[in-house]
1. Where nothing but the Cβ of Lys and Arg (+1) and of Asp and Glu (-1) is charged, how large is the charge dipole of chain B around its Cα centre, in debye to the nearest 20?
2. Would you mind getting the accessible area per residue of the protein assembly as shown, heavy atoms of the protein chains only, 1.4 Å probe, in Å²?
3. Could you tell me how far the Cα centroid of the range A:64-112 sits from the Cα centroid of the range B:1-31, in Å?
4. Only protein chains counted, 1.4 angstrom probe. Which residues of the range A:67-94 are at least 10 Å² less accessible in the assembly than when their chain is isolated?
5. When the Cα centres of the range B:44-114 and the range A:14-48 are compared, how far apart do they sit, in Å?
6. Efficiency by 1/(1 + (r/R0)^6): what FRET value for A:A72 and A:K40, r their Cβ-Cβ distance, R0 = 45 Å, to the nearest 0.05?
7. Taking 0.36 nm per intervening residue step and subtracting the Cα-Cα distance, what contour gain separates B:T77 from B:N61 on full extension?
8. Select from B:L44, B:S28, B:T108 the residue farthest towards the positive end of the dipole of the range B:1-112; place +1 on Cβ of Lys and Arg, -1 on Cβ of Asp and Glu, and compute about the Cα centre.
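The values are calculated or read from the model by the stated rules, or taken from the named source; none is laboratory data. Predicted model, so just to flag it, every value in this text is computed and none were measured. In this analysis, Cβ positions are derived from the backbone assuming ideal geometry, glycine residues included, and neighbour counts consider all displayed protein chains. Calculation scope for accessible area: heavy atoms of the full protein, side chains included, ligands and nucleic acids excluded. Shrake-Rupley method; radii C 1.70, N 1.55, O 1.52, S 1.80 Å.
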Amino acid sequence: DTAVSQTPKYLVTQMGNDKSIKCEQNLGHDTMYWYKQDSKKFLKIMFSYNNKELIINETVPNRFSPKSPDKAHLNLHINSLELGDSAVYFCASSPTRMETQYFGPGTRLLVL
Amino acid sequence: AQSVTQLGSHVSVSEGALVLLRCNYSSSVPPYLFWYVQYPNQGLQLLLKYTSAATLVKGINGFEAEFKKSETSFHLTKPSAHMSDAAEYFCAVSPRDYGQNFVFGPGTRLSVLP
């Protein structure tokens, strides 16, 4: 049983397109996150949701929009993709904001 | 604001040698601290965590870390490196009040030489 799953695993697309990445956790956690990992492995938090409510929204372009239909799902929609959006995007979840985070396998996005 | 620094973006050790990965933090209140490992093309997984109980914390795969408040450090060690330990290692600090975020360090890539 995969605890935190993401789809798709790989995403190759053209500049200007719109794409979505889905995340689901079956751990019963209240908090979910999206992170961006660049080519130097630096991990930057983008968003955090607690029980479907947005609690962290770091400085990311408003082309990125998270959506949480229920507390087990946190999807990431990206409009008008740019070359600089190429990265690995990780979803994670935790019981509360202070506790251990459990990561998904990542979605490798390449914008051409 | 909380922050985490990891000295050395890349550490190389020989198989069987001691592994020491350094982590220092800054936090206005006693933090919760974590070490995560990321194997190639995978997500991060928890190695160990400190949550204000014992200062010496044992984790998976023979790793341990010691919380030293006076040095604001949480260095990760393993007595004898194995080839399978080659990975990226991240230190992280957890928020202790509502206004702060979980913060990851920049990571240290560990290479293990035969």
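1. Working: 8 positive and 7 negative charges, 34 e Å.
Dipole magnitude for chain B comes out near 160 debye.
2. Numbers: 10700 Å² over 226 residues.
It amounts to 47 Å² per residue over the protein assembly as shown.
3. 26 Å
4. For the range A:67-94, once contacts with the other chains are taken into account, A:F90 lose 10 Å² or more.
5. 22 Å
6. 0.90
7. Numbers: separation 16, 0.36 × 16 = 5.76 nm, distance 1.10 nm.
Answer, rounded to one decimal: 4.7 nm.
8. Looking along the dipole axis, the top candidate is B:S28.
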